[in-house]
Every structure is written in C-alpha cells, then in structure tokens.
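A.B. asks: Sharing a structure with you now.
The values are calculated or read from the model by the stated rules, or taken from the named source; none is laboratory data. The shown structure was predicted, so the numbers you read here are calculated from the model rather than taken from an experiment. For neighbour counting, all protein chains shown are included, and Cβ atoms are generated from backbone atoms with ideal geometry for every residue, glycine included. Areas reflect the complete protein model, heavy atoms only, side chains present, ligands, DNA and RNA absent. Shrake-Rupley method; radii C 1.70, N 1.55, O 1.52, S 1.80 Å.
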Amino acid sequence: MTSTPLTGPHDLVEAAGHPHGGGNMKPHYDERLANEDLAPLRKQKWSSYNIFAFWMSDVHSVGGYVTAGSLFALGLQSWQVLVALIAGIVIVQVFANLVAKPSQKTGVPYPVINRVVFGIRGANIPAIIRGLIAIAWYGVQTFLAAESLNIVFLKFVPGSAALLDVSFAGLSALGWISYAILWTAQFLLFWNGMEVIRRFIDWAGPAVYLVMIVLAVYLVSQAGIENISFTLSTTQLDFWASIPVMFAAIALVVSYFSGPMLNFGDFARYGKSFAAVKKGNFWGLPINFLFFSLLTVITASATVPVFGELLTDPIATVERIDTPFAILLGGLTFVTATVGINIVANFISPAFDFSNVAPKKISWRAGGMIAAVGSTFLMPWNWYSNADAIHYSLGVLGALIGPLFGILIAGYYFAARQRVNVDAMFTMDAAGPYWYRNGFNPNAVKAVIAAGVPTVAVAIFPKLFADLGLFDVSAVSDYSWFIGCALGLGLFLFFERLDPRIPTFEGQTEGISDGTVDGAAATTASEPPAVSAEVPVQAQTVAHAARAVPGSGVSARVTAAAAAEAVKDPANPERGTTQTSRRGADGPREALA
C-alpha cells in the first residue's frame, strides 16, 4: 500500500486554474531573488521537436518573409544568396547552442544565469536592456498582426471601412479594434503558462508552413514553372562587388535573430537534454530557415508574372488574390505567425527579465503584463514607419545585444569554466560567491560600458554622418553585433585576467553544475528524498516535520520551512553562503571587494 503524497502550494495554485511556474523553490532561497518562475526547474520535458517549433515560430512571420526575400534582391547570384543564408544561419545555430547550455544545465532562465557573470544585482543590467527592446518590438509585432486582421475585417465586414475614417492617437478605430483583439488573445495565451505556449508554437509553425506551401503552389500554377526565378533583383553585381554584399547579407541574418538568440536560455532551460536542444536548433535554424527562404523566393518570384509587380509582403500577396477563402485563410495564418513570433521573441523575455528585478513583487505573469501594457503606451504605429525613430531609439539598445552576448559567453565558458553553484544564485548573503562588490561584478559592468559605447557609436553615427552629407560609411553599421560581441568577450576576459572575480569551484562537486550533467539533476542528485515527487526538501528532519502536519499543504510547507530554520547549525551554515565556503573555492576570485 502506498501513501498519497501531500499536496504543496503549487498544487493548490494549479487546482485554481493557474499553471505553476515549475521552479524548485528551496526553503533557503532569498525571496528577493527567487520565485517559482525563476528557480531551477523541477522537470525539463521539452523535446527537440518543441525547440524546432520554437524556431519555426520565430522564422514564420511577416518580418521573416520580408527579410528572406530581401536577401534575394541584393543583386547577388542565387548560389551566393544560398551561401550567405547558410553561413549566417549556421552562425546563429552555433551561438544559440552556446547560450542554451548554461540555462539547460542549471534549469534557470537568461536573467538568472547572468547572476554568475554580472553579480546577484548586476544581472538586472542585461535583463532590463533586453526587456526594453522586447517591449518596443512587442508593440510593433502586435500592430503588424492587427494590420493583417484589418484586411479580414474589410473583406468580410464591409461596414468596417467606415471605421478607417475615425482615429485616435494616430490609429484608426478599426486598427484599435484589431489591436485590442490581438492584444487580448496574446494575453490569454501567455497567462496560461509555458505549457500552453509550447502547445501553441508546436501547432502554429507547421500550420504556417502548410498555408505557405499552398500559396506557393497556387501562384506557381498561375505563373508557370518556367517563369520562376531565384533572383529577385533587376541588376546583377560582378563577382568582386558582390563579396561585401554577401558579408552584409550574413550579418543581416545574424542581426535578425540576435534578440531571441540572446535570451534563448529562457526556452532552452525546458529542454530535456542539451542534446535535444542542439538537435532542435539544427532542424529549426539551418534546415528550417533555408527551406522557408526558398519557399519565400518562389512565392515572391511568382507574383511578378501573376500580378505584374514584385510583392515581398505576404499580406499584400494574399490580398491581391482577392478571393474570400484566400484572404481569410492567409490573413488568419499570418496573424497566427506574427502572434507566434511575438510570444516567443517579445513576451517571454521581458516576463523573466522584469520578474528578475523584484521576484517577490513581480511574477512571470506580471513581468509579461508590464511589457504588454508598456508596448501600447509607446504607440508603435506612430513611429514604426519612421526609420530614423527606430534607428536612434532601438538602435542604441539593439547595439548592446552584441556586448551582452559576448560577456555572457566569456563569463560562463572561460571565466567560470562552466562550473556554477546553482543555489548561490539565490542568496543575498554578502559572503556569497556571486555577491562580488555590493551585488555587482565590476568587471562585467566595465565591460558593458567599454564595449557598449563604441558599439553604439558604430550603430548610430555612420547614418548620422551620411544624413548630414559628410561621408558615408554606413556599411560598417551592418556589423555592429559582431563588433559588440567581440569587444564584450575580449574586454571582459581582459578585466577578469587583471582582477579575477568569477569563482570556478575547482575540486567541489556537491551542488555544482559543471556542464556535463543535464539540467537540474546536477544539483538535486545529492538531496535527500522529497516530501513528494514535486517538492524536494533539504533535510530528512524537514520531511518528517512536513509529514507530521495533517491537512493543508500550505501549512505543511510553512512548518517545513520553520523546521529547516530550526535545524540549521550555526557552525555549519548552508553551502555557498559563507566566507568559509568562498575561501575554499578558488582563492582570490572570491575575495570581497
């Protein structure tokens, strides 16, 4: 006869209809640093297909369609475009794998793993920068999806055309209605948690592919296969002139994916193994993006003989077919595609990022709502079409993505040598290994400034000089991500060599994720049996205390936490939170500033 495990607070939350964050909140985690959305995951279940579907949602959007099509209109030969596509997307794949590993191995999201590199408090620097970028683009993508929905309304509700004549704050009444519908739909999808989001992207990616294939087959049948060209440009560059354009195309591909690539750990943490994440990246990036790009150029090429002009916007293409079924199917499909990329690229990231700032007050849901509400107040429809506004606002923040990426890679792989004390990321103890100086790693802060200033200058000033008629070196701005990444990585390693800060915990194994064991297993293997399959505890004494309490799982947790405090030995405090443990780890790296 087996006894039924006691319920915990998360069971009550789920029973009330609110999916739980899934994190293993240990009693000694500081509430100023942890909640059940940020804590290491109890279960990591995503397969390679789930990761593949994530990238499908990121690629299959109006922006992805236009970006892929633009590569074929640069004046390059078809084989040169394919080389640039493959080179760019393989670079993205390699970098996505690098970002994925620390989060998958430790089970924590992007802002939390940054505590190892930037410090317990300093991790809010990259989190806030990435969150602000996501807020702006969340509004833009919602607006673009609303434009697609407008087409459906205008076709099937003729009276809605009158709403285009009434506007408020720069957006028509019909635009506000479509925007509100999509804003609410995304909110509901997000509010139901990562598992529902996973199911959505598992379905959305293949659905968009199906419609894209149908659209391509229809247009090719109308145009004739002999009229399909893989070159959309009216002019062709000679070989030597095409070389810098090829490199610019590679940079464009990497830049397009730089945002989701930076915080990919937010999704990789759910991977059941690092091997599954890498397999999903392979199918979702080089294979998926190459096929989608070919599908895009075939579709765009067919619009020339069918409609008499080149159409690189899929919404415009569907609208020109002018049949009710095509508009309904195409419009709703691209709405779905845009919602998919918005959720994975611009909703999940700020949800974790803002929750990281104040975990006790801001849950994952609250962080996402900050992004959603903030994006509306930015009124993206007023500045999206203004290239200068985007360049001089998002250009500054976007230029920092490269340095932040380089610093994270340098910190985890080179300075920490992939060895992380997971529990230490959740303590505010000034003697903790990731406290550094007042919670900030001065080396990381200096590297952000030293790498960020020139990178922002490279991204901003060439265009400014060209606009003023001085000289045109704007081509260098295409490479701002690579410049920033190299500077961030190199400068951080330089500062760490001069004044080592990040501990490596050489010789320690207990509670240390060393990059060889998948996920939370690296830090839970040494734990005693749990109260239930869901809630590990820290000592057998605590387990007995929890079992002794009948009734509510909440009171059981409270009693267990009290027991944990009672059994602490002042002479032997918890690992990773004392000056003694710091001295035993790695010498000068742990010295308090």
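A.B. asks: Could you say which residue among Ala73, Ala145 is in a helix (DSSP H, G or I) and over 30 Å from Arg419 (Cα atoms)?
C.D. replies: Numbers: Ala73 fails: in a helix (DSSP H, G or I).
Sole residue among the options that is in a helix (DSSP H, G or I) and over 30 Å from Arg419 (Cα atoms): Ala145.
A.B. asks: Moving to a separate point now. Counting just the residues of region 1-23 that are over 27 Å from Ser513 (Cα atoms) and part of a helix (DSSP H, G or I), which one comes out modelled with the highest pLDDT?
C.D. replies: Checked region 1-23; the qualifying residue modelled with the highest pLDDT is Pro9.
A.B. asks: Moving on. Among helices (runs of 4 or more DSSP H) lying entirely in region 379-443, which contain 2 or more residues that are crowded, with 24+ Cβ neighbours inside 10 Å, modelled with pLDDT of 95 or more and not aliphatic (A, V, I, L, M)?
C.D. replies: Passing ranges, in order: 401-409.
A.B. asks: Please indicate, with yes or no, whether at least one residue in region 498-507 is part of a helix (DSSP H, G or I) and at pLDDT 90 or above.
C.D. replies: The answer is yes; a qualifying residue exists.
A.B. asks: Report yes if Leu163 is in contact with a Gly (Cβ under 9 Å, 6 or more places away or on another chain), open to solvent by 50 Å² or more (accessible area, probe 1.4 Å) and of a type in the set (A, V, I, L, M, F, W, C), otherwise no.
C.D. replies: So Leu163 passes the test.
A.B. asks: Oh, and also: Could you tell me whether Thr142 is buried (at least 18 other Cβ atoms within 10 Å of the Cβ) and within 25 Å of Phe54 (Cβ to Cβ)?
C.D. replies: For Thr142, the condition - buried (at least 18 other Cβ atoms within 10 Å of the Cβ) and within 25 Å of Phe54 (Cβ to Cβ) - is met.
A.B. asks: In region 91-118, what count of residues is obtained for those that are surrounded by fewer than 24 Cβ atoms within 10 Å (Cβ to Cβ) and of a type in the set (Phe, Trp, Tyr)?
C.D. replies: Residues that pass the stated criteria total 1.
A.B. asks: Need pairs with beta-carbon distance below 8 Å; first residue within 17 Å of Ala399 (Cβ to Cβ) and within region 488-499, second open to solvent by 50 Å² or more (accessible area, probe 1.4 Å); sequence gap 6+ or separate chains.
C.D. replies: Close Cβ pairs (under 8 Å, with a partner that is open to solvent by 50 Å² or more (accessible area, probe 1.4 Å)) amount to Leu491/Lys446.
A.B. asks: In region 471-488, is there at least one residue being within 30 Å of Glu506 (Cα to Cα), assigned to a helix (DSSP H, G or I) and either touching a strand residue (DSSP E or B) at 6+ places or on another chain (Cβ under 9 Å) or open to solvent by 30 Å² or more (accessible area, probe 1.4 Å) (or both)?
C.D. replies: Yes: one or more hits.
A.B. asks: May I ask you to say which residue of Ile327, Ile341 is over 24 Å from the mean Cα position of the chain (by Cα) and open to solvent by less than 40 Å² (accessible area, probe 1.4 Å)?
C.D. replies: Ile327
A.B. asks: What about Arg121, is it surrounded by fewer than 24 Cβ atoms within 10 Å (Cβ to Cβ) and closer than 30 Å to Ala268 by Cα? Spell out the reasoning first.
C.D. replies: On the way: surrounded by fewer than 24 Cβ atoms within 10 Å (Cβ to Cβ): yes; closer than 30 Å to Ala268 by Cα: yes.
So Arg121 passes the test.
A.B. asks: Also, I was wondering about something else. Scan region 351-366 residue by residue and report those that are open to solvent by less than 10 Å² (accessible area, probe 1.4 Å) and under 14 Å from Gln186 (Cα atoms).
C.D. replies: Across region 351-366, the qualifying residue is only Ala351.
A.B. asks: Would you check which residues across region 461-494 are over 30 Å from Asn441 (Cα atoms) and among the hydroxyl-bearing types (Ser, Thr, Tyr) and list them?
C.D. replies: The one that is over 30 Å from Asn441 (Cα atoms) and among the hydroxyl-bearing types (Ser, Thr, Tyr): Ser474.
A.B. asks: Sort through Lys26, Lys45 and tell me the only one that's at pLDDT 85 or above, touching a strand residue (DSSP E or B) at 6+ places or on another chain (Cβ under 9 Å) and closer than 30 Å to Ile362 by Cα.
C.D. replies: Only one candidate passes the filter, namely Lys45.
A.B. asks: Moving on to the next point. Are any residues in region 173-208 open to solvent by less than 20 Å² (accessible area, probe 1.4 Å) and either among the small types (Gly, Ala, Ser) or touching a Cys at 6+ places or on another chain (Cβ under 9 Å) (or both), and if so, which ones?
C.D. replies: Gly175, Ser178, Gly193, Ala204, Gly205
A.B. asks: Same structure, new question: Which of the residues spanning region 306-320 are touching a helix residue (DSSP H, G or I) at 6+ places or on another chain (Cβ under 7 Å) and outside any loop (DSSP other than H, G, I, E, B)?
C.D. replies: The answer is Val306, Phe307, Pro314, Ile315, Thr317, Val318, Glu319, Arg320.
A.B. asks: Would you point out the residue of region 451-465, among those that are of a type outside the set (Val, Ile, Thr) and open to solvent by 40 Å² or more (accessible area, probe 1.4 Å), that is modelled with the highest pLDDT?
C.D. replies: Per the criteria, the residue is Pro454.
A.B. asks: Separate question: Mind checking which residues of region 185-197 are of a type outside the set (A, V, I, L, M, F, W, C) and under 13 Å from Tyr138 (Cα atoms)? Walk me through it before giving the result.
C.D. replies: The initial filter retains those residues of region 185-197 that are of a type outside the set (A, V, I, L, M, F, W, C), namely 186, 192-193, 195.
Hit for region 185-197 is Gln186, nothing else.
A.B. asks: Using the structure shown, decide if Gly63 is small (Gly, Ala, Ser) and either under 18 Å from the mean Cα position of the chain (by Cα) or open to solvent by less than 10 Å² (accessible area, probe 1.4 Å) (or both).
C.D. replies: On the way: small (Gly, Ala, Ser): yes; either under 18 Å from the mean Cα position of the chain (by Cα) or open to solvent by less than 10 Å² (accessible area, probe 1.4 Å) (or both): yes.
Yes.
A.B. asks: Going through region 495-512 one residue at a time, which ones are open to solvent by 20 Å² or more (accessible area, probe 1.4 Å) and farther than 9 Å from Asn443 by Cβ?
C.D. replies: Passing the criteria: Arg497, Glu506, Gly507, Gln508, Thr509, Glu510.
A.B. asks: Can you name the residue in region 76-115 that is of a type in the set (A, V, I, L, M) and outside any helix (DSSP H, G or I) and is also farthest from Val254 (Cα to Cα) among such residues?
C.D. replies: Looking at the filtered set, the residue picked out is Val108.
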